[in-house]
Amino acid sequence: MHDRAPQPVDRHLPTDEARDLILLVRDIAQREIVPKAAEEEDAGRFPREIFALLSASGLLGLPYEAEHGGGDQPYEVYLQVLEELAAARLTVGLGVSVHTLASYALAAHGTKEQRVEHLPAMLGGGLLGAYCLSEPSSGSDAASLRTRAVRDGDDWVITGTKAWITHGGVADFYTVMARTGQEGPRGITAFLVPGDAEGLTAAAPEKKMGLKGSPTAQVHFDGVRVPDARRIGEPGQGFPIALSALDSGRLGIAACAIGVAQAALDEAARYATERRQFGRPIADFQGLRFMLADMATQIEAGRALYLAAARLRDAGRPFARQAAMAKLHCTDTAMRVTVDAVQILGGYGYTADFPAERYLREAKVLQIVEGTNQIQRMVIARHLVGAEER
Ligand SMILES: Cc1cc2nc3c(=O)[nH]c(=O)nc-3n(C[C@H](O)[C@H](O)[C@H](O)COP(=O)(O)OP(=O)(O)OC[C@H]3O[C@@H](n4cnc5c(N)ncnc54)[C@H](O)[C@@H]3O)c2cc1C
C-alpha cells in the first residue's frame, strides 16, 4: 500500500521569519515557476519576469544588509531558499545564485558611496547581475585572463572578451575582472559595468545540453568606458575579490545541486508508487527501495554539508575549505541521484515527457561551473597539504 506523495523538505530554520520566507518561496515556485518550467526550458526561454517578481518580493538580495536593500538573512536561510528555487527550475535558482555572486564584490568591497549609490537597485530594484571572470582561453586558470582595462583620465577603458557569462545579454550590470597591471593574479581589478554601456555587446547564447532557459553568452567589451568611481576595491585587488565571491558562490551551487537532486528523488519516488510491473507497484521491489534510500541519504548528507559550511560563514569563521567540499559533494550527489532517477523511471525516464532527463542534464553543468570539481579537489587539498610546487 503506497499512500505517500512526496512531502516538502522538513527544514530546521532558525526563525519564524525564515519559515515564512520558505513558505513564500514555495508558493511562488508552485504558482509561477513550476507550471512553465519544462516548456520554457525546452524552448530556451529566459523567464525575466520571474526575476522581476523575485526582486519585488525581496528575494534577490537575501544575504545582504537591509541598510542597502538586502534581506539581512543568514547564509543558512538564503541557501535553503536557493535550494527550493532550483528544485522548481534550475534556471531560476542558479540565476539568483549568480546575481548574488555578481553583487558580492560591491557589497563586500565597495566604498560607502558606491554601496549607497548602487546596491539598492541591485538588491531590490529589479536589476539583474552577471559575473564576468572566465574568458575563451582562461577557465580554471582564471588568473591568466586577458581582458584589459587601461586608465584614461578619470575613466577606465575595457577591451576584451568574457566567455560563458550567465545572463550575458540580459543583465543590467556586469561585475568584470580585467587586467590593469602585471601578468598573473596581482594585476587584476574589478569593475561594475552597466549593461547598457557603449561598446558592450553579447554574442548569441551558447546551445547547451541543459539549463537552456538560462542564457550563457560571450560578452564583448570594445573600448567600454567606465568612470574610476565604478572600480571596486584597489587596483590589483580584483582576483582576491573574485575568489572570495566564489567561496560564497560555491555554496549557492551546492544548494542548487541539492534542489535538483531532491526534485529528481521526489519524481522517482512518486513514479515508483504509481508504476506497476509483475502485478505490483515497482516501489515494492527491494532493488528500487534501496536505490531510493541511498538517493535520499546522499541528499541529506549534502544538505547537512552545505548548511555546516553556511553556519561557519554566518559565524564569521573561515569556510572556504568546507564550501569547496560542499560544492564537490553536492554536485556529484546531484549527478548520481539524477542518473538513478532516470533509471527508476525506465524508458519513460529517457523521454522528455517526464522531468527526470532534464534534471540529469541540469546536474551535469553543476559539476563544471564556479570551479570544476577537479578544481574543488585542488582547493581542498591545498588546505590539507599546502600549495603545489611549481
Ligand atoms: C552554463 C555555464 C555557465 C557559466 N557561467 C559563468 C559565469 O557566469 N561567469 C564566469 O565567469 N564563468 C562562467 N562559466 C564558466 C565556468 O566557470 C568554466 O567553464 C569553468 O571554470 C571551467 O573552465 P573551462 O570551461 O575553460 O574548462 P578548462 O579550465 O579548460 O578545463 C577543462 C578540463 O580540465 C580540467 N582541469 C583544468 N585544470 C586542471 C588542473 N589544474 N587539475 C586537474 N584538472 C584540471 C577541468 O576540471 C576540466 O575537466 C560558466 C560555464 C557554464 C558551462
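The values are calculated or read from the model by the stated rules, or taken from the named source; none is laboratory data. Everything quoted here is computed from the prediction, not taken from an experiment. Using ideal geometry, Cβ is built from the backbone for each residue, glycine included, and neighbour counts are taken over all protein chains shown. The area values use the complete protein model at the heavy-atom level, side chains included, leaving out ligands, DNA and RNA. Shrake-Rupley method; radii C 1.70, N 1.55, O 1.52, S 1.80 Å.
Of note:
- Yes/no for R303 being under 23 Å from the mean Cα position of the chain (by Cα), of a type in the set (K, R) and open to solvent by less than 60 Å² (accessible area, probe 1.4 Å): yes
- Among residues of the stretch 5-33 that are under 19 Å from L53 (Cα atoms) and in contact (Cβ under 8 Å) with a residue 12 or more places away in the chain, those with a beta-carbon under 7 Å from a residue that is open to solvent by 70 Å² or more (accessible area, probe 1.4 Å) and not in a helix (DSSP H, G or I) at least six positions away or on a different chain give the pairs R26/P8.
- Residues satisfying the stated conditions in the stretch 161-191, i.e. in contact with a Ser or Thr (Cβ under 6 Å, 6 or more places away or on another chain) and open to solvent by less than 20 Å² (accessible area, probe 1.4 Å): A163, A178, T189
- Candidate set: the stretch 338-390, residues that are in contact with a helix residue (DSSP H, G or I) (Cβ under 7 Å, 6 or more places away or on another chain) and farther than 27 Å from E41 by Cβ; chosen: the one nearest to the ligand (Cβ to nearest atom): R377
- Unique match (being open to solvent by less than 40 Å² (accessible area, probe 1.4 Å) and without any contact (Cβ under 8 Å) to a residue 60 or more places away in the chain) among L312, L366: L312
- For the stretch 197-211, a tally of residues being over 22 Å from E39 (Cβ atoms) and in a loop (DSSP other than H, G, I, E, B) returns 4.
- Taken across the stretch 159-177, residues that are away from the ligand (no atom under 13 Å from the Cβ), assigned to a loop (DSSP other than H, G, I, E, B) and free of Cβ contacts under 8 Å to residues at least 40 places away in the same chain do not occur at all.
- Under the condition of being in contact with a Phe, Trp or Tyr (Cβ under 6 Å, 6 or more places away or on another chain) and open to solvent by less than 20 Å² (accessible area, probe 1.4 Å), the residues counted in the stretch 342-363 number 1.
- Restricting attention to the stretch 212-255, the residues that are more than 11 Å from the ligand (Cβ to nearest atom), within 15 Å of the chain's Cα centre (by Cα) and assigned to a strand (DSSP E or B) total 0.
- For the stretch 139-152, the count of residues that are in a loop (DSSP other than H, G, I, E, B), away from the ligand (no atom under 14 Å from the Cβ) and among the aliphatic types (A, V, I, L, M) is zero.
- Test result for A190, within 15 Å of the ligand (Cβ to nearest atom) and part of a strand (DSSP E or B): yes
- Scanning the stretch 259-294 for residues that are more than 18 Å from V342 (Cβ to Cβ) and open to solvent by less than 20 Å² (accessible area, probe 1.4 Å) yields one hit, P281.
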